[in-house]
Ligand code: OXD
Ligand code: MN
């Protein structure tokens, strides 16, 4: 393997030398991205036990990995924005003073690679050389991290070639250390283009290109440079004429983002020739293009999806994506045929199996085989509906931005904001609630503005101001902004909307609105569809039910106003006055 540096870039070499002096590896390996090197690393990962090679006939090039049992998810309470002034991190982020953070992290990292290999991994977020692309180098002592990053990003020599001598790249240090929870820190230094992650081996904490770079650091860069980094899927809807319109959509976790991104149209739509194309399932970088419109690119190159619940019915495209070249993390291991299993894959849990902890597992005792946050890391090119524009350097033009949440009662199935500023307001008040489905009780509301609560790398109020500013720049070319809620329930807590492929019916209305082809009913919160404008052909939902889930309950919305005022109060005088104005306007309309 290559111990020789793959670049002459002075800023890269100096930083790598500094990291070597700090963590003291036994050897250094630069990742060139070649298949030969990936194969060798897989081999090595199997030798050390980090990876288990799965049945190569059923699951070619697929591997299983288990994390430590105390290291299975992102750790928001140990995630820090280390900007010089605490007030600039804002009330929704944890903050640490940068020099104190560096000292603490260096003390933890010092000598931690002793006897280990340092992998130096150059990667690109966005197609290499495209106007969207930003480069990073992650130094890690984990083969699992390298093998995931080569799926999730474009990695290797081509990145260093494109970077040339530039010092404009994101520094990322990952140290596994002892996977000690009490010393686990995920720290971001936006002013220094630096990320340091210690004592974890779980994807969301250690695949530094994803949440750390493509959202937290990139949102800060977007603010500084006039573009947007958002926690959004991107999909294209192709109509029977072959025209494709793109939307970007933000949802908090557990709202079906990956399912929407890979939606299969209902039969009536398929017969007419509709298709849905997946550009991205998690992150969108958006810039104003030369034509003045908003263009979006998925900076990632793979899917880091939640396994449980993924099956042939819920998301056949996601399942198909995992059938080759995939790394499974913390799922159950079927020992009979050396494949994998998770809850919700099918109704036949394997008899002879190990659970996600690697223990002998008997599904009949009620315990889970896969961890609820077990994952697949799958190459995007595996997805049967991956967009032909996936690698397009200029991205795709966005017609609509969609926000969504999980609300049993409050939010209608879909509504359109009055204009961009009103849409920013709609995004800023996004919320999901925990449902107590059995009783139909309304759960606790968690506000998650633009689904960015754990991912905004600077003050959330400044982020909203940036959104308002982008709207001023886009003017009448701005995408239209909508809100959807697939999760309205009846008094017994049963879902009233089927969701999944039928969500295309709502997308169709949204796109028709964007083109001024359909009317709407004006309400205190925005424009709601006339019930007969949502296509019910082949849909198992009555007209009355549909009318019910399109209604806007003024009483519930007035309660909502109180909740929003309390939430906004946390941002003090940094809250853009425009958002207070929008709230007052909605309040007055509800009382009118
Ligand atoms: C994710 C998340 O893993 O949002 O995508 O938590
Ligand atoms: Mn996400």
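The values are calculated or read from the model by the stated rules, or taken from the named source; none is laboratory data. From a predicted model like this one, the values you see are computed outputs, not experimental measurements. Here the Cβ is made from the backbone with ideal geometry for all residues, glycine too, and neighbour counts use every protein chain on show.
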Task: Within the stretch 373-466, strands (runs of 3 or more DSSP E) holding 1 or more residues that are more than 16 Å from ligand 2 (Cβ to nearest atom), without any contact (Cβ under 8 Å) to a residue 40 or more places away in the chain and surrounded by fewer than 23 Cβ atoms within 10 Å (Cβ to Cβ) - done: 431-433
Task: Residue in the stretch 253-293 that is surrounded by the most Cβ atoms within 10 Å (Cβ to Cβ), counting only those that are within 13 Å of ligand 1 (Cβ to nearest atom) and either part of a strand (DSSP E or B) or outside the structural domain of residue 402 (by TED's automatic domain parsing) (or both) - done: 284
Open item on the list: Here is a list: 501, 493. Which entry is assigned by TED's automatic domain parsing to the domain that holds residue 284, assigned to a loop (DSSP other than H, G, I, E, B) and under 25 Å from residue 542 (Cα atoms)?
Closed with: 493
- [ ] Tell me, please, whether a residue that is assigned to a helix (DSSP H, G or I) and more than 30 Å from residue 7 (Cα to Cα) can be found in the stretch 105-116.
- [x] no
TODO: Filter the stretch 514-549 for residues that are in contact (Cβ under 8 Å) with a residue 24 or more places away in the chain and part of a helix (DSSP H, G or I) and give the result.
DONE: 514, 533, 545, 546, 548, 549
- [ ] Note down all Cβ pairs under 9 Å where the first residue falls in the stretch 557-583 and is at positive phi, the second is buried (at least 16 other Cβ atoms within 10 Å of the Cβ), and they're at least six residues apart or on different chains.
- [x] 572/461
Open item on the list: closer than 30 Å to residue 111 by Cβ, away from ligand 1 (no atom under 16 Å from the Cβ), in contact with a strand residue (DSSP E or B) (Cβ under 8 Å, 6 or more places away or on another chain) and not in a helix (DSSP H, G or I): is that true of residue 195 in this structure?
Closed with: yes
Task: The lone exception for residue 200 - which of (1) in contact (Cβ under 8 Å) with a residue 40 or more places away in the chain; (2) in a loop (DSSP other than H, G, I, E, B); (3) surrounded by fewer than 24 Cβ atoms within 10 Å (Cβ to Cβ) it fails - done: (3)
TODO: Determine whether residue 363 is closer than 30 Å to residue 479 by Cα and touching a residue at least 12 places away in the same chain (Cβ under 8 Å).
DONE: no
Open item on the list: Out of 592, 569, I need the residue that is loosely packed, with under 14 Cβ neighbours inside 10 Å and under 28 Å from the mean Cα position of the chain (by Cα). Which one?
Closed with: 569
TODO: For residue 264, state whether it is more than 16 Å from ligand 2 (Cβ to nearest atom) and in contact with a helix residue (DSSP H, G or I) (Cβ under 8 Å, 6 or more places away or on another chain).
DONE: yes
- [ ] Report yes if some residue within the stretch 469-484 is touching a residue at least 60 places away in the same chain (Cβ under 8 Å), touching a helix residue (DSSP H, G or I) at 6+ places or on another chain (Cβ under 6 Å) and either in a helix (DSSP H, G or I) or not assigned by TED's automatic domain parsing to the domain that holds residue 252 (or both); otherwise report no.
- [x] no
Open item on the list: Taking the criterion of being more than 22 Å from residue 152 (Cα to Cα) and assigned to a loop (DSSP other than H, G, I, E, B), would at least one residue in the stretch 28-42 satisfy it?
Closed with: no
Open item on the list: Return the residues of the stretch 353-372 that are within 23 Å of residue 315 (Cβ to Cβ) and part of a helix (DSSP H, G or I); say none if nothing qualifies.
Closed with: 363
Open item on the list: With more than 30 Å from residue 70 (Cα to Cα), within 22 Å of the chain's Cα centre (by Cα) and within 16 Å of ligand 2 (Cβ to nearest atom) as the only criterion, which of 229, 218, 214 stands out?
Closed with: 229
Open item on the list: For the stretch 294-312: of the residues being more than 16 Å from ligand 2 (Cβ to nearest atom) and in contact (Cβ under 8 Å) with a residue 60 or more places away in the chain, which is surrounded by the most Cβ atoms within 10 Å (Cβ to Cβ)?
Closed with: 297
Open item on the list: If residue 188 satisfies all but one of (1) in the same structural domain as residue 463 (by TED's automatic domain parsing); (2) under 17 Å from residue 457 (Cα atoms), what's the number of the condition it fails?
Closed with: (1)
Task: Answer from 68, 133, 101, 155 - the residue that is surrounded by fewer than 23 Cβ atoms within 10 Å (Cβ to Cβ) and either under 21 Å from the mean Cα position of the chain (by Cα) or within 16 Å of ligand 2 (Cβ to nearest atom) (or both) - done: 133
Task: the stretch 232-252 - residue that is within 22 Å of residue 290 (Cβ to Cβ) and away from ligand 2 (no atom under 15 Å from the Cβ) and, of those, surrounded by the fewest Cβ atoms within 10 Å (Cβ to Cβ) - done: 243
Task: Condition met for residue 87 (outside the structural domain of residue 181 (by TED's automatic domain parsing) and loosely packed, with under 13 Cβ neighbours inside 10 Å) - done: no
Open item on the list: What's the number of the only condition in (1) surrounded by fewer than 23 Cβ atoms within 10 Å (Cβ to Cβ); (2) touching a residue at least 12 places away in the same chain (Cβ under 8 Å); (3) closer than 30 Å to residue 86 by Cβ that residue 358 fails to meet?
Closed with: (3)
TODO: Identify all residues within the stretch 537-553 that are loosely packed, with under 15 Cβ neighbours inside 10 Å and touching a helix residue (DSSP H, G or I) at 6+ places or on another chain (Cβ under 7 Å); write none if there are none.
DONE: 537, 538, 543, 547
Open item on the list: Looking at the structure I just gave you, is residue 283 more than 21 Å from residue 45 (Cβ to Cβ) and either touching a helix residue (DSSP H, G or I) at 6+ places or on another chain (Cβ under 8 Å) or more than 16 Å from ligand 2 (Cβ to nearest atom) (or both)?
Closed with: yes
Task: the stretch 164-180: number of residues that are more than 26 Å from the chain's Cα centre (by Cα) and under 22 Å from residue 218 (Cβ atoms) - done: 3
